[in-house]
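Colleague: Got a structure for you, questions after.
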Amino acid sequence: MRLPIETDRLLLREVVPSDAPLIAARRSEPEVARYAAWDAPYPLDAAVRLVEDVIAMGGPIDDEWWMLTVERRSDGLVVGGLAVHPSFNLRTIEIGYDLAAGYRGRGYAAEAVAGLVPWLFDTFEATRITGMLHPDNVASARVLERNGFLYEGHTRNSYWVGDENVDDLIYGLTPDDWRAWVGRTRTPPDDVRLVPVDQANESAVFRLKTHWSQRQFVAPMEWSYADALFPELVNGAALDPWLRAVHADDELVAFVMLALPTDAHPEPYLWRLLVDRLHQRRGVGRRTLDLVVEECRGRQASSLVTSWAPGRGSPEPFYLGYGFVPTGEIVDDEIEARLAW
């Protein structure tokens, strides 16, 4: 694969001298510089020197930051940049990316990284690509996650920007990770079934995981198993957990757990719904809820309650779209909602 790299909407090309004013302007935007390794405003003369150095490299080299410009194919408008930092004779590579504030929220960063990753793997036979980011930079984490990167760790007090000392999140991607991600099933399943969790499948169910950035909204499997083993007491009575693995076309893809209706808690509660990162955006969640509602109807329930945490990436739009209606109650900082039939 050669430069420039074309994606559906973008052109990833080598830096040219006329990019310098655009880099200075973009890096001077507070929103762009917020989690970056430079201070705003970013001087034009610094951008000129940066562009000169990058052009002089002639391509990626070890222990130096090299750059590509990201422009829109439809009109040639520059929307951002990509950065590449190789090591070990170009076999491991850290990447970075930035978009002008006015072009965020359109999927450009994820699309640019999707074009960059196979070029790095194919051109340099890299064994690993890394992304490092501030723990509060959820948007950046989601860019990596949408390209198959896996969260690998959290280092404390490990990065300095001027006089500020911050933590770092580490994401990594190997060629096998990339192949698994691009080769994942993306079409809606023909058949979805709920299967009891037992000794035969409990380990496979335990390995289900969301993207790391979703953990603030969807509890990991270890928490669900713990809650099922030691059910919470509500109004003095323990909840009654009902656990099911979700199979789509005979493949394990998700997990769901209810608190069943009891004399102490007559209304069923959707306690957990976790769709594995490789099977999201296939309609699995909605199909699972259909089966959960069917189960609740069979138990003579006339409604189902759940709750969610608010914020960017929250499952709130999913539940509202399904028909859940907020009750007006806030439970453990989560919005409570009810689905009635």
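Colleague: In this structure, does LEU278 turn out to be under 25 Å from PHE149 (Cβ atoms), assigned to a helix (DSSP H, G or I) and among the hydrophobic types (A, V, I, L, M, F, W, C)? Step through it out loud before you land on a result.
Modeller: Values: under 25 Å from PHE149 (Cβ atoms): yes; assigned to a helix (DSSP H, G or I): yes; among the hydrophobic types (A, V, I, L, M, F, W, C): yes.
Here the answer is yes, as LEU278 does meet what is asked.
Colleague: If you don't mind, there's one more thing I want to ask. Of a type in the set (Val, Ile, Thr), part of a helix (DSSP H, G or I) and surrounded by 11 or more Cβ atoms within 10 Å (Cβ to Cβ) - does that describe any residue in the stretch 212-228? So that I can check it myself, show each step before the final result.
Modeller: Start the filter on the stretch 212-228 by keeping residues that are of a type in the set (Val, Ile, Thr), which leaves 218.
Those still in the list that are part of a helix (DSSP H, G or I) too: none.
No, the stretch 212-228 contains no residue that is of a type in the set (Val, Ile, Thr), part of a helix (DSSP H, G or I) and surrounded by 11 or more Cβ atoms within 10 Å (Cβ to Cβ).
Colleague: Sticking with this one: In the stretch 11-46, which residue that is out of contact with any Asp or Glu (no Cβ under 6 Å at 6 or more places or on another chain) and assigned to a strand (DSSP E or B) is nearest to ASP98 (Cα to Cα)? So that I can check it myself, show each step before the final result.
Modeller: Residues of the stretch 11-46 that are out of contact with any Asp or Glu (no Cβ under 6 Å at 6 or more places or on another chain), as a first pass: 12-31, 33-46.
Subset that is assigned to a strand (DSSP E or B): 12-14.
On the way: LEU12: 13, ARG13: 15, GLU14: 15 Å.
Top of the filtered list is LEU12.
Colleague: Report the residue count in the stretch 169-211 for those that are within 30 Å of HIS85 (Cα to Cα), small (Gly, Ala, Ser) and either assigned to a helix (DSSP H, G or I) or at pLDDT below 95 (or both). Full working, then the answer.
Modeller: Keep residues of the stretch 169-211 that are within 30 Å of HIS85 (Cα to Cα), which gives 169-184, 209-211.
Going one step further and asking which of them are small (Gly, Ala, Ser), we end up with 172, 180, 183.
Keeping just the survivors that are either assigned to a helix (DSSP H, G or I) or at pLDDT below 95 (or both) gives 180.
The number of residues fulfilling the criteria is 1.
Colleague: Still on this structure: Would you check if there is a residue in the stretch 295-302 being surrounded by 15 or more Cβ atoms within 10 Å (Cβ to Cβ), part of a helix (DSSP H, G or I), in contact (Cβ under 8 Å) with a residue 12 or more places away in the chain and over 17 Å from the mean Cα position of the chain (by Cα)? Write out each step before concluding.
Modeller: Of all residues in the stretch 295-302, those surrounded by 15 or more Cβ atoms within 10 Å (Cβ to Cβ) come to 295-296, 301.
Now drop any that are not part of a helix (DSSP H, G or I), which leaves 295-296.
If we keep only those that are in contact (Cβ under 8 Å) with a residue 12 or more places away in the chain too, we end up with 295-296.
Retained after the next criterion (residues that are over 17 Å from the mean Cα position of the chain (by Cα)): 295-296.
The answer is yes; a qualifying residue exists.
Colleague: Name the pairs whose Cβ atoms lie under 8 Å apart, with the first residue in the stretch 72-84 and without any contact (Cβ under 8 Å) to a residue 40 or more places away in the chain, the second aromatic (Phe, Trp, Tyr), and 6 or more positions between them or separate chains?
Modeller: Listed by first residue and then by second, the contacts come to ALA83/TRP65; ALA83/TRP66; ALA83/TYR97; VAL84/TRP65; VAL84/TRP66.
Colleague: Right, next: Could you tell me which residue of the stretch 59-87 is surrounded by the most Cβ atoms within 10 Å (Cβ to Cβ), considering only residues that are in a strand (DSSP E or B) and of a type in the set (D, E, K, R)?
Modeller: Step one: of the stretch 59-87, the residues in a strand (DSSP E or B) are 66-72, 78-87.
Add one more test, that the residue is of a type in the set (D, E, K, R), and what stays is 71-72.
Numbers: GLU71: 20, ARG72: 16.
Here the answer is GLU71.
Colleague: Does the stretch 165-184 contain at least one residue that is under 30 Å from ALA37 (Cβ atoms), in contact with a Phe, Trp or Tyr (Cβ under 6 Å, 6 or more places away or on another chain), among the charged types (D, E, K, R) and touching a residue at least 12 places away in the same chain (Cβ under 8 Å)?
Modeller: yes
Colleague: Another question, then. If the Cβ limit is 9 Å and pairs must be 6+ apart or interchain, which residue in the stretch 220-243 that is in contact (Cβ under 8 Å) with a residue 12 or more places away in the chain and over 16 Å from LEU260 (Cβ atoms) pairs with which residue that is in a helix (DSSP H, G or I) and aliphatic (A, V, I, L, M)?
Modeller: From residues that are in contact (Cβ under 8 Å) with a residue 12 or more places away in the chain and over 16 Å from LEU260 (Cβ atoms), the pairs are MET221/VAL205; TYR225/VAL205.
Colleague: Of the numbered conditions (1) open to solvent by 40 Å² or more (accessible area, probe 1.4 Å); (2) closer than 26 Å to ARG312 by Cα; (3) at pLDDT below 90; (4) among the hydrophobic types (A, V, I, L, M, F, W, C), VAL161 satisfies every one except a single condition; which is it?
Modeller: All conditions pass for VAL161, except number (1).
Colleague: With the structure loaded, tell me whether ARG49 is basic (Lys, Arg), at pLDDT 95 or above and open to solvent by 20 Å² or more (accessible area, probe 1.4 Å) or whether it fails that test. So that I can check it myself, show each step before the final result.
Modeller: Values: basic (Lys, Arg): yes; at pLDDT 95 or above: yes; open to solvent by 20 Å² or more (accessible area, probe 1.4 Å): yes.
Against the criterion (basic (Lys, Arg), at pLDDT 95 or above and open to solvent by 20 Å² or more (accessible area, probe 1.4 Å)), ARG49 qualifies.
Colleague: Of all residues in the stretch 97-108, count the ones that are under 21 Å from TRP181 (Cα atoms), in contact with a strand residue (DSSP E or B) (Cβ under 7 Å, 6 or more places away or on another chain) and open to solvent by 20 Å² or more (accessible area, probe 1.4 Å).
Modeller: Selection size over the stretch 97-108: 1.
Colleague: Follow-up question, since we're still on this one. So which of VAL284, VAL325 ends up being of a type in the set (Val, Ile, Thr) and either at pLDDT below 95 or open to solvent by 40 Å² or more (accessible area, probe 1.4 Å) (or both)? Show your work before the answer.
Modeller: Numbers: VAL284 fails: either at pLDDT below 95 or open to solvent by 40 Å² or more (accessible area, probe 1.4 Å) (or both).
That would be VAL325, the only listed residue that is of a type in the set (Val, Ile, Thr) and either at pLDDT below 95 or open to solvent by 40 Å² or more (accessible area, probe 1.4 Å) (or both).
Colleague: While we're on this one: Would you check if VAL32 is hydrophobic (A, V, I, L, M, F, W, C) and crowded, with 17+ Cβ neighbours inside 10 Å?
Modeller: Numbers: hydrophobic (A, V, I, L, M, F, W, C): yes; crowded, with 17+ Cβ neighbours inside 10 Å: yes.
Considered against the rule, which asks whether it is hydrophobic (A, V, I, L, M, F, W, C) and crowded, with 17+ Cβ neighbours inside 10 Å, VAL32 comes out as yes.
Colleague: Next up: Can you find a residue in the stretch 308-318 that is open to solvent by less than 40 Å² (accessible area, probe 1.4 Å) and within 21 Å of THR262 (Cβ to Cβ)?
Modeller: Checking the stretch 308-318: not a single residue is open to solvent by less than 40 Å² (accessible area, probe 1.4 Å) and within 21 Å of THR262 (Cβ to Cβ).
The values are calculated or read from the model by the stated rules, or taken from the named source; none is laboratory data. Keep in mind the model is a prediction, meaning the values are calculated, not measured. Methodologically, a virtual Cβ is constructed for each residue, glycine included, from the backbone with ideal geometry; neighbour enumeration extends over all protein chains shown. Calculation scope for accessible area: heavy atoms of the full protein, side chains included, ligands and nucleic acids excluded. Shrake-Rupley method; radii C 1.70, N 1.55, O 1.52, S 1.80 Å.
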